[in-house]
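A short write-up of the structure that comes next.
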């Protein structure tokens, strides 16, 4: 999450560029919040993630579309913005004559602690701890050139895709098509509908199971970090008009390539192909998701520069300014609705009404963020992170 800077008056071209840079970063981050919510809710609401034996046709279509259009795209956008914001924080420290290394270390430690509490209490699929650990790698790579950073990102994505493809082809060769039911699903349902202690125990069990996946897909996140680092060094968002031609090509080529790859990934993970194809689909998804993510981001940036798009940006940017608060709040609301902390609707609602509810929650977050930031400079969790990062209390 980027630190905001207060532009000086009177306005100058530099100030205008800085304001636009902040607006674009915040608007992109606010946009990514919706995708993160639509993916995370599938895990928090249903042990089968919308694909259980009692799922309706509408639910199956919905989960297929979320996989094709949303999954593996928006966490990459968040990671790209993390890398981009890293360069803003470096420049902020340089302007203030502060030591950046200590600031960054305090920042990632705070993120790790927040992520740990988030995973244990609310959502075991937390991403903040992964960001914190990989943030140390990003710090080590801060001196690389933009070209080297992009090359490193490409190699990381290619290596992960090859690994998943090899694993998937092996599964196709040695695994029978039949799937056995997972007996842990009934246990998970009982645990998440139980008291708060049982919810925490269930989160801990699921977190341990997800650690292997976190490690496996860490190169994908690190690749997005490096791409964001390269873009930040080039001031791509600050000077977006200079890169319009490249952005148009990203939309023109990234959209069909990304949609084709993501559609194949959805076919492998959600049918009609059986579960043996899952890793093959993920390999294709790993390769093509960055293209679709880039197309989404560039398309939104073009839209923000239209007359109606400016109003959209005004709605998205406040949510992006307090994205960490909103991310954690999404998990809190979902935990209150679906676990024993509150209504205990875990496994009881179809995916279509759940996704509709997510859209309502997201709209409420946009409105509340705009209202709150008219009165304060930071969201509550951003204030905490800002204070820890700068090692001072107000």
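The values are calculated or read from the model by the stated rules, or taken from the named source; none is laboratory data. Because the structure is predicted, anything quoted here is derived from the model rather than measured. A quick note on method: Cβ atoms are made from the backbone with ideal geometry, for glycine too, and the neighbour counts reach across all protein chains shown.
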Take the range 287-309 and flag every residue that is assigned to a helix (DSSP H, G or I) and without any contact (Cβ under 8 Å) to a residue 60 or more places away in the chain. 288, 291, 294, 295, 298, 299, 302, 303, 307, 308, 309
Cβ-Cβ under 7 Å pairs, at least 6 apart or on other chains, the range 327-350 side at positive phi, far side modelled with pLDDT under 95 and part of a helix (DSSP H, G or I): 347/189
Which numbered condition residue 270 fails, given (1) closer than 18 Å to residue 153 by Cβ; (2) surrounded by 22 or more Cβ atoms within 10 Å (Cβ to Cβ): (1)
If residue 221 satisfies all but one of (1) under 20 Å from the mean Cα position of the chain (by Cα); (2) more than 22 Å from residue 77 (Cβ to Cβ), what's the number of the condition it fails? (2)
Looking at residue 151, is it under 30 Å from residue 85 (Cβ atoms), surrounded by fewer than 17 Cβ atoms within 10 Å (Cβ to Cβ) and modelled with pLDDT under 95? no
May I ask you to list the residues in the range 100-119 that are over 19 Å from residue 225 (Cα atoms), surrounded by fewer than 18 Cβ atoms within 10 Å (Cβ to Cβ) and at pLDDT 95 or above? 113, 116, 117
Quick one: in the range 34-47, which of the residues that are assigned to a helix (DSSP H, G or I) and out of contact with any helix residue (DSSP H, G or I) (no Cβ under 6 Å at 6 or more places or on another chain) is modelled with the lowest pLDDT? 43
Within the group 50, 97, which residue is at pLDDT below 85 and surrounded by 23 or more Cβ atoms within 10 Å (Cβ to Cβ)? 50
